[in-house]
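Input: a single structure, listed below in C-alpha cells.
FYI, it's all coordinate maths here, none of it is from the lab. Everything numeric here is computed off the predicted structure, so don't read it as measured data. Positions of Cβ are generated from backbone atoms using ideal geometry, with glycine treated the same way; all protein chains shown enter the neighbour counts.
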Amino acid sequence: MSGDFPVVKLEGTKKSVTVGDKKTPVLIGERINPTNRKKLIEQLKVGNIEVLRGEAKAQVEAGADCLDINVGVPGIDEKATMIAAIKIVQEEVDVPIVIDSSNPDVIEAALKVVQGRPGINSTTGEAKRMDSILPLVKEYDAVIIGLTLNDAGIPTESAKRIEIAKTIVSRANALGIQNDQILIDPLALACGSSQDGAIASLDTIGYIRNEMKINTTIGLSNISFGMPDRSKLNAAFLLLAVGQGLTSFIGNPLDKEIQFAIRSTGVLWGEDNFGMKYVKHCKLNAPQK
Ligand code: THG
C-alpha cells in the first residue's frame, strides 16, 4: 500500500506473509484452539499432539496464510504442550505462526523454539500485561497483536478503544518496537447482544487505518455469537471491515462463506490476476451435477 502505511512481515519456516500490502486480508487460521472443541480438549489432555498435524494441514490447504496456536486447557502443562505443538505444526506446514497464550512464560518458551518471525497474541492495554509482553516482542523481533481492552474491560465506544490502541502503540514505540511490528485488534462483540458493537469495531478499524496508520486484525467469529447462520454474518462483517481497511483477521479457513468473501475481495479490488483465484475457487465448489 502507498505512502506511509507500514507493512507487517511474518515469517514461517519457508513462507513469509505481508500484512498491509494488499486490500485482500491475510487469514490467520483459528482452529488450533480448544475453545468450544470437546474432542480437541480431550486429545490435548492426554497429550496427543499428533492431531494438530491434520488441523494445520487442512487449514493451510484451505487457504490459511498463518496459523494461530492456542493450547490453553486447564490442568495441562501449557508450556510443554505449546512447545510440542509448535514443533509439530512447523514440521507439517511452512506458514507463519501466531503464538496465542494468556501466560507470558508460555509465550517466551514458544518464542525460543518457533522458527521464523511469529505473531504474539496478545497484549492488552493493561500496564501489567504490556510490561510482561512488550519486552519479549522487542527481544525476539516479533509482531504483536494489541487488544483494545484494559482493566475496565472492553469499552463499548470506539473513542475509548482508539485511546487504548494509542496507549499500546506509544508504549511499544517507547521500547523500540516499530509500527511495522504491530497489529491492533479493535475487538468484535456479539452483535446480537450489543446493538452498536459492530459499528464500534468498524469505526475503530477505520480510524486506526487512516489516522494512526497501523495494521489491524480481528477475531471474526465473535461478531455472530448467538445468531443463526453465523458463517454468512461473519462473512458480511468481514467485507464491511475490509472496506474500512482491515488488513488481517483470525477466522476459520474451512468456512466456505469466508473463502468466498476473500476471493471476492481479491477479484473486486484487482488483486486477483484475471480473476483466476476466484474462478478456481468457484470450480472447486461447484455443485455436483
Ligand atoms: N482476537 C484475538 N485472538 C483471538 C480472538 C480475538 N483468539 C481466540 C478467538 N478470539 C478467535 N479464535 C476462535 C477459535 C475457535 C472458536 C472461536 C474463535 C470456536 N470455534 C468453533 C465454533 O465456532 O464453535 C468450534 C467448533 C469446531 O469448529 O469444531 O468457537 O477476538 N486477537
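The table below lists the values:
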item: Mean Cα-pair separation over length for the chain, i.e. relative contact order, pairs under 8 Å, 6 or more apart, %; result: 19 percent
item: Relative contact order computed over segment 30-188 (Cα-Cα under 8 Å; 6+ residues apart), in percent; result: 16 percent
item: Cross-link reach list, lysines versus LYS45, counting only Cα pairs under 26 Å and skipping chain neighbours closer than eight places; result: LYS57, LYS79, LYS87, LYS112
item: Cα gyration tensor shape of the chain, rounded if a/c is under 1.5, else prolate or oblate by comparing a/b with b/c; result: rounded
item: Along each principal axis, Cα extent of segment 192-289, largest first, Å; result: 44, 32, 16
item: Separation of alpha-carbon centers, segment 270-289 and segment 199-260, rounded to whole Å; result: 22 Å
item: Antiparallel DSSP beta bridges within the chain, percent to nearest 5; result: 15 percent
item: When each of LYS138/LYS160; LYS22/LYS138; LYS213/LYS256; LYS9/LYS277 is checked by Cα-Cα distance, pairs over 28 Å; result: LYS213/LYS256
item: Semi-axis lengths (Å, descending) of the ellipsoid that matches the C-alpha gyration tensor of segment 108-167; result: 25, 11, 9
item: Charge context of ILE28, other residues only, Cβ under 9 angstrom, K/R +1, D/E -1; result: -3
item: Surface/4 estimate of mean projected area, convex hull on alpha-carbon atoms of segment 136-262, nm²; result: 8.0 nm²
